[in-house]
1. Scan the range C:148-177 for residues that are of a type in the set (S, T, N, Q) and either assigned to a strand (DSSP E or B) or modelled with pLDDT under 75 (or both) and jot them down.
2. Check off (1) farther than 24 Å from C:Met22 by Cβ; (2) within 14 Å of chain D (Cβ to nearest Cβ) for C:Gly123 and give me the number that stays unchecked.
3. With respect to D:Gly87, determine if the residue is on the phi > 0 side of the Ramachandran plot, within 22 Å of the chain's Cα centre (by Cα) and either more than 7 Å from every other protein chain (Cβ to nearest Cβ) or crowded, with 20+ Cβ neighbours inside 10 Å (or both).
4. State all residues of the range B:149-177 that are touching a residue at least 60 places away in the same chain (Cβ under 8 Å) and in contact with a helix residue (DSSP H, G or I) (Cβ under 7 Å, 6 or more places away or on another chain); if no residue qualifies, say none.
5. Would you mind telling me which numbered condition in (1) more than 9 Å from chain A (Cβ to nearest Cβ); (2) under 30 Å from A:Gly21 (Cβ atoms) B:Leu65 fails?
6. Cβ contacts < 9 Å: first residue free of Cβ contacts under 8 Å to residues at least 24 places away in the same chain and part of a strand (DSSP E or B), restricted to the range A:164-191; second residue among the aliphatic types (A, V, I, L, M) and crowded, with 23+ Cβ neighbours inside 10 Å, any location; separation 6+ or different chain. Result?
7. Among the listed residues C:Met145, C:Met129, identify the single one that is part of a helix (DSSP H, G or I), more than 14 Å from chain D (Cβ to nearest Cβ), modelled with pLDDT of 80 or more and within 30 Å of C:Leu5 (Cα to Cα).
8. Among the listed residues B:Lys119, B:Lys89, B:Lys146, which satisfies the condition of being over 14 Å from the mean Cα position of the chain (by Cα), closer than 12 Å to B:Ser177 by Cα and free of Cβ contacts under 8 Å to residues at least 40 places away in the same chain?
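The values are calculated or read from the model by the stated rules, or taken from the named source; none is laboratory data. Nothing here was measured: the structure is a model prediction, and the numbers come from that model. Every residue, glycine as well, gets a Cβ built from its backbone with ideal geometry; the counts of neighbours run over all protein chains shown.
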Amino acid sequence: MNVLGPAIAVMGIIGAIFGIGLAFAGYKFRVQVDPRVTQVRSALPGANCGGCGFPGCDGLADAIVAGKASPDACKPGGAKATEAIASIMGVAVDTTAERKVAQVMCGGGSGLANERSTYVGIQTCPGAMLAGSGSKACTFGCLGYGTCVSVCPFDAIHMRPDGLPVVDKAKCTACGNCVKACPRSIIALVPVSKTVHVRCKNTDPGAVVRKVCKVGCIGCQICVKACPTKAMQFAKNLAYIDYDLCNNCGTCAQKCPTKAIEDYAAVEKQAASA
Amino acid sequence: MSGGMQKDMVRFGIALTVFCAIAAGALAFTYQATLPQILAQAKVEEEKASRIVMPGAEFVRRDDLIEKAAAQFPEFMGQGAGKIFEGKKDGKVVGAVIQLANRGYGGPIRVAVAIQDGKVTGVTIIDHKETPGLGSKVKDEPTFVKQFIGKTASDPLEPKKDVEAITGATKSTRGVSGAVKAALAIYTSVFGGATR
Amino acid sequence: MNGSLSVLKNGIARENALLRLMIGLCSALAVSVRVENGLFMGVAATFVLVMSNIIISAIRRVTPDNIRIPIFLVVISSFVTIVDLVLKANFPAVYERLGVWIPLIVVNCIILGRAEAFAYKRGIVASAMDGIGMGIGYTWVLMVMGLVRELLGTGKIVLFDQVVINLGPRFLPPVFLVTFPGAFLMFGLLIMVLNMFTNKVGS
Amino acid sequence: MGEIQRFGLIFIGAVLVYNILLIRFIALCSFFGISNSMDTSIGMSAAVVFVMMVSSTLSWLLWNYVLAPLGIGEFLYIPAFIFVIAGFVQLEEMFIRKTAPTLYKAMGIYLPLITTNCAVLAAATEIAKPGFLKLNIAYNYSLVEAWVYTFGVALGYSVALILFAAIRERIDIAPVAKPLKGYPIAFITSALMSLAFTGFAGLLGL
């Protein structure tokens, strides 16, 4: 029985139906896709890190074109992406803001911060926060279970042997994932040139801090008086630096009785000379 | 807008139609080229089981008998599972082979039973879904099917009576012995007891 | 010419369809019960992959963009049906075992994936080489899995109806490897070994 | 057997006994890709159930009223079915993107994935050529039985996918050995799930 005829006829008809149908649908259901969205999308790095708060780069591209997000919302993209998007959108953006990196604001590693208990629950910071907030006596310090490490899409943060995370300034693109992930918000985005940081977040009075951690800020305010450029601010028993005024002189780090303030530049000079 | 649409509709319509037509033509051509071989293979495949239980015979599929048997034994012969062949040796009908399916443990077990002069002369398992290592022994152990040789419709064909069950696989054993018993029953009803 | 040679190499190892890109798993796990299955499936998939890559890249300039998927599918399904018919006619035993997986090559993620990602953008020769590379990459993984699963699962390797290796009656084969869950486990362990190897090499 | 009992048999067979993902190994590409987050799994499951029901109906009609009577089904069923499925999915994606953007946000992005989803084609072919997936549920499917079967397969797919997504979320926070991280542990978990589903093998004598 000859199958050639009916086969060609049937498949031809099916092909025709869908050919015309798709063309018709292509026009009838045409959605106004703004051409700029695809241009902006190609200017973004495409790491879908979610640092800008939108679901991936597609989400951000739609938001930028719709005006809901600023062209420099994508920090990992850096100045290059911001300029490209600004030119696409025809908007002037000052790209003078200095590149930022993440910085861990806690110095209470193992041996310095006292341990209150041993924690054997789920090995993540949010998990530890739920079950009696971890093993350290200090309730403001770093829990040390590495959630910031697991959320970092650029592998820029790693756990040190003493249980504190350290940021690799070269790889860090300030996408902010770790800042959001840390349940005690210990990590902050600081300008990359600044090397002096107050590595403590404890706002308890000095006497309480002294009991829980050897390198905690006890609120003695010596640094505030000593700071030549008045960069050192003080509130709720805790000293913190106003990075616009700070010139990395490091006098506060020398004066601090509990070494809560760390001057990385000095530490590197020492390591280099030793 | 509608002008663009018309142009696209025509362009896509033609492109897809031509494409599908060419593909269909090529496939139809290959199908016809391979058809005779496929049919031959199918016939060989169908009679493979019969040839095992009744070696050296020519087989004629009796569709009329299949319908008759399916009416009487729907659960064994129903829905295309059952087939009846008449075995001929140099022109003379010597017996019949009945392929049927009976429920085992893991699913249906398909069995081929050769019957000559009312006596079982050969049984083989076509396929089964029994648990590997346990129920699958109905097919893997050659001695199991041999015990059915010589049985007639009058035998009880019950495990522990005249059928030696496989340890730990009574449901599988019952599946096969039930199938042989049904084959004998179909044989007597369809062929009227004695082969003509 | 060496451009396409590197394309060929990366299909086999660096961008191996099964181990690296994690596509085309459906058939790989189900069919790799025997080495012979793996071989036939690999060859069939490679044939379809190479032929469809060539055709797709040949007509890529003329295919309108928004109906490219149906056109790819027509091309791929035609080659799959040809393979299906040829196998059914000439190798009925193998066809019986591979039965459901030959038609499913059409929706095998490797072929449509490569067609969309590679063939639709590159020249005919490069696409053909990519097809061969990916095909070989797919086949050797399939055969390695088939080898291990058949040898350990049933104690012997049967190739074209001859017993090639037989571990003898004393060897009590762990039937688990030949069953469905065994396929998952085997594939998982294969990737683990690969991870251990590449991590040492990688880091 | 009563009509209702037959539906029950087909349905249980499709969801549990011959689960498309864990027993029949079909559509694994999406199984491992999608299941690393719960809401993508739910979105995908909804899309799969919807697409499968429609494409199986189309395939059933195409087979019984066009392909089989003309005798060209034997070699045309692959191109015809996959063409219809792909065409329908593309049309439907455009339709939803235009008329229901919010629904498109939740479910739309999975639609192109479904064209390459093996389960849809497998179910459509099983309905046209019973025994294609080597199930012993039924030897021919009326339209209603086809619906019951497809819904069963789609539900089986969703059950397996969502269960697996839930388990994988727990695995992410469990301490897993370094080389096992990622796909290896996922495969081993699916091996255990598949083992559990083989427990349904003898159910209802299917």
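1. Listed by number, the residues that qualify are C:Gln162, C:Asn166.
2. So C:Gly123 meets the others, but not (2).
3. no
4. B:Ala169, B:Ser172, B:Val176
5. For B:Leu65, the failing item is (2).
6. Within 9 Å, no pair qualifies.
7. On inspection, the qualifying residue turns out to be C:Met129.
8. Of the residues listed, the single one that is over 14 Å from the mean Cα position of the chain (by Cα), closer than 12 Å to B:Ser177 by Cα and free of Cβ contacts under 8 Å to residues at least 40 places away in the same chain is B:Lys146.
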